[in-house]
1. Among 120, 105, 80, which is the only one that is farther than 23 Å from residue 187 by Cα and in contact with a strand residue (DSSP E or B) (Cβ under 6 Å, 6 or more places away or on another chain)?
2. Determine whether residue 76 is touching a helix residue (DSSP H, G or I) at 6+ places or on another chain (Cβ under 7 Å), over 21 Å from residue 251 (Cβ atoms), at pLDDT below 95 and surrounded by fewer than 22 Cβ atoms within 10 Å (Cβ to Cβ).
3. Considering only segment 183-193, how many residues are out of contact with any helix residue (DSSP H, G or I) (no Cβ under 8 Å at 6 or more places or on another chain) and either part of a helix (DSSP H, G or I) or touching a residue at least 24 places away in the same chain (Cβ under 8 Å) (or both)?
4. For residues in segment 84-95 being crowded, with 18+ Cβ neighbours inside 10 Å and touching a strand residue (DSSP E or B) at 6+ places or on another chain (Cβ under 7 Å), which is farthest from residue 133 (Cα to Cα)?
5. Can you name the residue in segment 224-248 that is exposed (fewer than 14 other Cβ atoms within 10 Å of the Cβ) and touching a helix residue (DSSP H, G or I) at 6+ places or on another chain (Cβ under 7 Å) and is also modelled with the lowest pLDDT among such residues?
6. Considering only residues of segment 32-52 that are outside any helix (DSSP H, G or I) and in contact with a strand residue (DSSP E or B) (Cβ under 6 Å, 6 or more places away or on another chain), which is farthest from residue 151 (Cα to Cα)?
7. Please go through segment 1-31 and give me each residue that is in contact with a strand residue (DSSP E or B) (Cβ under 8 Å, 6 or more places away or on another chain), over 21 Å from residue 239 (Cβ atoms) and either modelled with pLDDT under 95 or not in a loop (DSSP other than H, G, I, E, B) (or both), ordered by number.
8. Residues in segment 34-48: is at least one in contact (Cβ under 8 Å) with a residue 12 or more places away in the chain and surrounded by fewer than 18 Cβ atoms within 10 Å (Cβ to Cβ)?
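The values are calculated or read from the model by the stated rules, or taken from the named source; none is laboratory data. Treat the numbers as computed from the prediction; the structure is a model and nothing was measured. For neighbour counting, all protein chains shown are included, and Cβ atoms are generated from backbone atoms with ideal geometry for every residue, glycine included.
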């Protein structure tokens, strides 16, 4: 019997097997939030062979995203993140089906998104309201979901771990989510979180997002609306995104 012809997923097949690759190819995964965490998650899902990806984010690439977001370059500033990510995914795997949605997911827009059509959901958004809405609706739809907790104001990329939300500690976002999910009667939620205590952003006299925001006029969400501008870097958010992708891939392969 002739040896099987090599393709871009041949090295992956050595670990997951052809049956595992087939399950990934048939899977539809929705990623909400295509930023420092979500962008790297989408990248890894695509390179792992996930056949269909739905990308949800209403934001455009900002100059200040270049320090940490895989799709952010001087050439992409001002473009919708979902559009840039879709182009990148198709350059990696032209056979992938990619849907780019310019949507800020929340209570006002949730009804327009059918979560039952996905095999897995990744929550990489950064607002509690959006996270709660997504988790509750995913649970109602019977669709598996994994959520990223806080990745900003962190320096230790080795401090991330996977746990149920009710087993988390240290992370301020996870603490808020635990309280709210318990109130809503959600019994469990798989999350990626860091055990590192957040650092405090340094104050200096250099132009900041508050004094020199470069977001385009009329942007749907503006830096000045934030209570605090978070600090971030090139090596922590990507790790959270890659861990998210790894969990999704392993769970999809294990599905029968």
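1. None of the other options fit; the residue is 80.
2. no
3. Final tally of qualifying residues: 1.
4. 89
5. Let us first name the residues in segment 224-248 that are exposed (fewer than 14 other Cβ atoms within 10 Å of the Cβ), namely 224-228, 234-235.
The next check asks that each one be touching a helix residue (DSSP H, G or I) at 6+ places or on another chain (Cβ under 7 Å); those that pass are 224, 235.
Values: 224: 54, 235: 98.
Among residues in segment 224-248 that are exposed (fewer than 14 other Cβ atoms within 10 Å of the Cβ) and touching a helix residue (DSSP H, G or I) at 6+ places or on another chain (Cβ under 7 Å), the one modelled with the lowest pLDDT is 224.
6. Within segment 32-52, the match that is farthest from residue 151 (Cα to Cα) is 52.
7. Looking only at segment 1-31, we keep the residues that are in contact with a strand residue (DSSP E or B) (Cβ under 8 Å, 6 or more places away or on another chain), and these are 27-31.
Filter once more, keeping what is over 21 Å from residue 239 (Cβ atoms): 27-28, 30.
Result: 28, 30.
8. Yes, some residue in segment 34-48 is in contact (Cβ under 8 Å) with a residue 12 or more places away in the chain and surrounded by fewer than 18 Cβ atoms within 10 Å (Cβ to Cβ).
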